[in-house]
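To keep things clear, I will list the structure first and then write my remarks on it.
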2 protein chains.
Amino acid sequence: MKKLINDPADVVKEALQGVAAAHADRVRVLTEPNVVVRADAPVQGKVGLVSGGGSGHEPMHGGFVGMGMLDAACPGEVFTSPTPDQMLAATKAVDGGAGVLHIVKNYTGDVLNFEMAADLASSEGVEVQAVVINDDVAVQDSLYTAGRRGVGATVLAEKICGAAAEQRRSLAEVADLCRRVNANGRSMGMALTSCTVPAAGKPTFELGASEVEIGIGIHGEPGRERRELAPVHDIVSMLATPIVEDLPYNSGDSVLAFVNSMGGTPLIELYIVYNELNKFLSGRGITITRNLIGPYITSLEMQGCSITLLKLDDELTALWDAPVNTPGLRWGV
Amino acid sequence: MKKLINDPADVVKEALQGVAAAHADRVRVLTEPNVVVRADAPVQGKVGLVSGGGSGHEPMHGGFVGMGMLDAACPGEVFTSPTPDQMLAATKAVDGGAGVLHIVKNYTGDVLNFEMAADLASSEGVEVQAVVINDDVAVQDSLYTAGRRGVGATVLAEKICGAAAEQRRSLAEVADLCRRVNANGRSMGMALTSCTVPAAGKPTFELGASEVEIGIGIHGEPGRERRELAPVHDIVSMLATPIVEDLPYNSGDSVLAFVNSMGGTPLIELYIVYNELNKFLSGRGITITRNLIGPYITSLEMQGCSITLLKLDDELTALWDAPVNTPGLRWGV
């Protein structure tokens, strides 16, 4: 295992120390339990947004804490659900009196732990709502998941709901918006290579020298098929066709196209993916009016990409464009 | 070779098509020859900033074209110098009457071609100055370079000089500033793995299963030594010690610390590197007052990192903080 780490047991702790040292202007890092909190939390009168999940997907979620996005993130160990006490601590830390929204990716451990944390927070007088993101069209039920997995739409929901919360919309409104993003977002990913969880010390799965996995999960969960590597033109069609047919996305629709690196795929390849996706969608009369291209929801050093589409309307577009100031996404400020 | 590409011969062309499709709000992509130009170029009365080099280092340089940074970038084929006609086209496209600065990484092909382009531009009445960046302390002379290589300080020079040009400083002032960034910036990198140039189809070099290369160049040029993988605490010391001793950086200095991924190293590891670097510098009385952490000057999918330090003063800090709106760096707008 070749990684820029010290002891594998200290990976999350030391990465969080790095986040704390680098971004003290925007976030605080609490320990025991680990929570990344917006520096000025709780913001009085604003709905607090909390997300979280296993580490290894950076910048999601800790890198999205700050003005215009999340109020707190709960980082679990690598590819391991955070604990209810992390989620409870995060919820209490960001409660500014207007309630707290939990944005939960659909993995069974995350869902159960966030439910438990919500119950505990409610019993302490904090109003909590939760929205479960399940945008991955690759498979129904998976290694850690009943139903569809939650992936790229989570990033978009965090940004869009974060902007709505800054406008002081109510908890019910922000939760509705989050459900709307989930309802209008669809994703699918693929892997060229595996990744290695530091504590495991060996690759999560094995792929042959010219083999790829279509529909991979962000923890290496099995996808739809393993097949020979193909030109990216064909790969994009394999990812985008199930996405656009699922909702469906129709001619005349405007979308945000999010082309994501799984961590080890460089930007030059992502732009080729984007080019193919743009042609694919143009051919169906779908127009990309906003985009996000880069490593935002990763799987350690896995090579591969995922595509997320979000059907846009004027309101979602305006919320996407609103200012954001996090270590991982920043504009307008 | 596993890559998200079509024909290896079309990698740069198709990636540029992706850039054009994604970022038409900020850049135009010219073809024959290939140049990425700020959408509103030439900006009248502003010094035009041009950089360029081989592709494969994205987002550098094309991703740094836009308000507050470069006016144009010349992308060569992967790891191949752009041609003088690209540089001439870029120079003419961004000449707003205040002259053009060429920011050139010290690789012999780049330097010679930029010199030729400057001569041609001058003969057409465009005033050109050039600054060669040579911040890499790893080795003196290298595979493609007489003297030191130019690496991470280039990104910082492009940002800082871009801000100065927006303030309508003169060509002489912006060129002086660029030399000042180069004089106060030092870098060193390392690799955990090689990378594969698409047209070559096989890794540029080979490293053993537990071997790393300290002082690697961004095209895989040899560094100082190959050695066994070590804890990142030690790796950071191997990179940072030659950097701080070279200038030298002294107790009481404030620096911008730039922790860069070579392309395939994920953010969670970069933050561990940052944490170690912060401790290393604190121990010497050097304070990090600004930072940049992520993949900004990459070597395709190479795993590894580089560290760049820039000694800051109030002026450089203010220019770093000034608004920028490029696909690769964006804030304040």
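Residue by residue, here is whether (1) under 15 Å from the mean Cα position of the chain (by Cα); (2) not in a loop (DSSP other than H, G, I, E, B) holds:
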site: A:D85; (1), (2): no, yes
site: A:K92; (1), (2): no, yes
site: A:I103; (1), (2): yes, yes
site: A:G109; (1), (2): no, yes
site: A:L112; (1), (2): no, yes
site: A:M116; (1), (2): no, yes
site: A:S122; (1), (2): no, yes
site: A:V132; (1), (2): yes, yes
site: A:V139; (1), (2): no, no
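Is it the case that A:A9 is assigned to a helix (DSSP H, G or I) and within 9 Å of chain B (Cβ to nearest Cβ)?
no
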Checklist (1) assigned to a helix (DSSP H, G or I); (2) away from chain A (no Cβ under 14 Å); (3) crowded, with 24+ Cβ neighbours inside 10 Å applied to B:Y271, failing item: (2)
Sole residue being within 18 Å of the chain's Cα centre (by Cα) and buried (at least 21 other Cβ atoms within 10 Å of the Cβ), chosen from B:G152, B:G147: B:G152
Sole residue being at positive phi and assigned by TED's automatic domain parsing to the domain that holds B:L316, chosen from B:G264, B:G283, B:G252: B:G252
Where a residue in region B:94-120 is not assigned by TED's automatic domain parsing to the domain that holds B:V36 and its partner, wherever it lies, is part of a loop (DSSP other than H, G, I, E, B), with Cβ under 6 Å and at least six apart: none
Test: residue in region A:126-135 that is closer than 29 Å to A:Q17 by Cα, crowded, with 24+ Cβ neighbours inside 10 Å and in contact (Cβ under 8 Å) with a residue 60 or more places away in the chain: no
Hits in region A:239-257 - residues which are open to solvent by 40 Å² or more (accessible area, probe 1.4 Å) and without any contact (Cβ under 8 Å) to a residue 40 or more places away in the chain: A:E245, A:P248, A:N250, A:S251, A:G252
Residues being of a type in the set (G, A, S), surrounded by fewer than 24 Cβ atoms within 10 Å (Cβ to Cβ) and touching a strand residue (DSSP E or B) at 6+ places or on another chain (Cβ under 7 Å) - total across region A:292-333: 2
Residues satisfying the stated conditions in region A:26-53, i.e. crowded, with 23+ Cβ neighbours inside 10 Å, within 14 Å of chain B (Cβ to nearest Cβ) and assigned to a loop (DSSP other than H, G, I, E, B): A:N34
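Inspect region B:88-110 for any residue being within 14 Å of another protein chain (Cβ to nearest Cβ) and of a type in the set (S, T, Y) and give the result as yes or no.
Within region B:88-110, none of the residues are within 14 Å of another protein chain (Cβ to nearest Cβ) and of a type in the set (S, T, Y).
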Complete set of residues in region B:155-188 that are open to solvent by 10 Å² or more (accessible area, probe 1.4 Å) and among the acidic types (D, E): B:E166, B:E173, B:D176
Subset of region B:15-25 (residues that are within 7 Å of chain A (Cβ to nearest Cβ), open to solvent by 20 Å² or more (accessible area, probe 1.4 Å) and more than 20 Å from the chain's Cα centre (by Cα)): B:Q17, B:A21
Condition met for A:T317 (away from every other protein chain (no Cβ under 11 Å) and of a type in the set (V, I, T)): yes
Residue count, region A:206-234 (criterion: under 22 Å from the mean Cα position of the chain (by Cα) and open to solvent by less than 50 Å² (accessible area, probe 1.4 Å)): 10
Filter result (more than 20 Å from B:I268 (Cβ to Cβ) and more than 8 Å from chain B (Cβ to nearest Cβ)) within region A:293-311: A:I307, A:T308, A:L309, A:L310, A:K311
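The values are calculated or read from the model by the stated rules, or taken from the named source; none is laboratory data. From a predicted model like this one, the values you see are computed outputs, not experimental measurements. Methodologically, a virtual Cβ is constructed for each residue, glycine included, from the backbone with ideal geometry; neighbour enumeration extends over all protein chains shown. Quick note on the areas: whole protein, heavy atoms, side chains included, nothing else; ligands and nucleic acids left out. Shrake-Rupley method; radii C 1.70, N 1.55, O 1.52, S 1.80 Å.
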